[in-house]
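Enquirer: Provided herewith is a single structure, encoded as structure tokens, for subsequent inquiry.
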Amino acid sequence: MARTRLYRNGVLEKEDFPIAEISDSINDPGVVVWLDICAADGEGLDGVEEEFGLHALAVEDASHERQRPKLDHYGTHLFLSAYAVALDPTTSELTSSEIAMFVMPNALITVRKDHRFDMSEVVARWDATPELIKEGAGFLLYGVLDFIVDGHFTAVQDLDERIESLQDDLFDDSRDRVREVQRKSFDLRRDLILLRRFVLPMREVVNGLMRRDLKVVGDALMPYYQDVYDHVLRATEWTESLRDLVSTVLETNLTIQGNRMNLIMKQVTSWAAIIAVPTAVTGFYGQNVPFPGYLQHWGFAVSSVVIVGLSGLLYWLFRRKDWL
């Protein structure tokens, strides 16, 4: 069911009333109305479009998913789309929830595309500061944006912690740990790319709302929007730095693997050289022709001494060069 609220002169007068009753008081300058619709429940926007005089293109954007975070200007209202994000605690995957908003001087309409967007948290923020309700729809919009941007900031912080734990495992030589580092690095890179698509456009959205000619943000609300904009900038810069850090982790992991491969190749080559000595000596003495010490006990003793001596010399040289 659609959720409604009506504030009169900064005081909550009634809520959860039928949408058809909105037109009875929407023209009152002291009234601010909030209407929330969840598209997942099959609620349509046809009646809302007629009730508030919404633009057809804005209604079309609100009805379709996968819109880019943006702010569009129409004659009587603004249309805004944004994404709330969070990390799934069980799978550690980044989940997103799209929300569309229609902003009018004395009304805010929120259209959620699924149930993952928790409007109860937003309502709790509104009720925590009732003295700002008198600022109208601009304050209601601030509550929604503040909740969304805080979620962006929390997601970036969680990804940062995951990258720190990944750096601790970077120099672990175990095979399973190496594969885990590679998998986690690619997962983090994917999540950061997805998060960047939601966070980066929010700079333009919030900055556009603070324009004086739109008259959405008054002088009393300007510090609050400035705080949201500051959080948006910090989340954006943090996301960009984490993308660079993940790329560095991937490059470092590849470099470490290359160094380990070089070390293994040196060890294999060194042992192959050591093994080549007894192979060469025994091959020489294995000829079917007479040679010094042929069929003599001292010939066997000399070949054994040569094998042990040259193998030991090569082992000492390789150890000195840190190849073994």
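The values are calculated or read from the model by the stated rules, or taken from the named source; none is laboratory data. Here the structure is a predicted model, which is why all the values come from computation and not from measurement. Cβ sites come from the backbone with ideal geometry, for glycine too, and all protein chains shown count toward neighbours.
Enquirer: Among (1) at pLDDT 90 or above; (2) within 15 Å of the chain's Cα centre (by Cα); (3) surrounded by fewer than 19 Cβ atoms within 10 Å (Cβ to Cβ), where does ILE148 come up short?
Expert: Among (1) at pLDDT 90 or above; (2) within 15 Å of the chain's Cα centre (by Cα); (3) surrounded by fewer than 19 Cβ atoms within 10 Å (Cβ to Cβ), ILE148 violates only (3).
Enquirer: Output yes when any residue across region 184-203 is part of a loop (DSSP other than H, G, I, E, B) and either charged (D, E, K, R) or on the phi > 0 side of the Ramachandran plot (or both), and no when none is.
Expert: no
Enquirer: Now for a separate question. Looking for whichever is touching a residue at least 60 places away in the same chain (Cβ under 8 Å), among the basic types (Lys, Arg) and farther than 24 Å from ARG197 by Cβ here; the options are ARG112, ARG3, ARG68, ARG8. Which one fits?
Expert: Testing whether each residue is touching a residue at least 60 places away in the same chain (Cβ under 8 Å), among the basic types (Lys, Arg) and farther than 24 Å from ARG197 by Cβ leaves just ARG3.
Enquirer: Oh, and also: Taking region 248-275, which residues are farther than 16 Å from VAL178 by Cα and small (Gly, Ala, Ser)?
Expert: SER270, ALA272, ALA273
Enquirer: Right, something else. Among the residues of region 41-84, which ones are surrounded by fewer than 17 Cβ atoms within 10 Å (Cβ to Cβ) and hydroxyl-bearing (Ser, Thr, Tyr)?
Expert: The answer is SER63, TYR74, THR76.
Yes or no, residue by residue, for (1) surrounded by fewer than 17 Cβ atoms within 10 Å (Cβ to Cβ); (2) charged (D, E, K, R); (3) in the same structural domain as ALA100 (by TED's automatic domain parsing); (4) modelled with pLDDT under 80:
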site: ASP168; (1), (2), (3), (4): yes, yes, yes, yes
site: SER185; (1), (2), (3), (4): no, no, yes, no
site: ARG190; (1), (2), (3), (4): yes, yes, yes, no
site: PHE198; (1), (2), (3), (4): no, no, yes, no
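Enquirer: Output yes when any residue across region 54-61 is part of a helix (DSSP H, G or I) and in contact with a Leu (Cβ under 6 Å, 6 or more places away or on another chain), and no when none is.
Expert: So far as region 54-61 goes, yes, one or more of its residues are part of a helix (DSSP H, G or I) and in contact with a Leu (Cβ under 6 Å, 6 or more places away or on another chain).
Enquirer: Any residue at all in region 246-263 that is surrounded by 15 or more Cβ atoms within 10 Å (Cβ to Cβ), of a type outside the set (Ser, Thr, Tyr) and either at pLDDT 85 or above or within 30 Å of VAL308 (Cβ to Cβ) (or both)?
Expert: Applying the first criterion (surrounded by 15 or more Cβ atoms within 10 Å (Cβ to Cβ)) to region 246-263 yields 246, 249-250, 252-253, 256.
Applying the additional criterion that residues be of a type outside the set (Ser, Thr, Tyr) yields 246, 249-250, 253, 256.
Then keep just the ones that are either at pLDDT 85 or above or within 30 Å of VAL308 (Cβ to Cβ) (or both); that gives none.
No; the residues of region 246-263 include none that is surrounded by 15 or more Cβ atoms within 10 Å (Cβ to Cβ), of a type outside the set (Ser, Thr, Tyr) and either at pLDDT 85 or above or within 30 Å of VAL308 (Cβ to Cβ) (or both).
Enquirer: Quick one: which of PHE318, PHE284 is modelled with pLDDT under 80, of a type outside the set (A, V, I, L, M) and surrounded by 15 or more Cβ atoms within 10 Å (Cβ to Cβ)?
Expert: PHE318
Enquirer: Checking ASN106 against (1) under 26 Å from ASN27 (Cα atoms); (2) at pLDDT 90 or above; (3) surrounded by 14 or more Cβ atoms within 10 Å (Cβ to Cβ), which single condition isn't satisfied?
Expert: (2)
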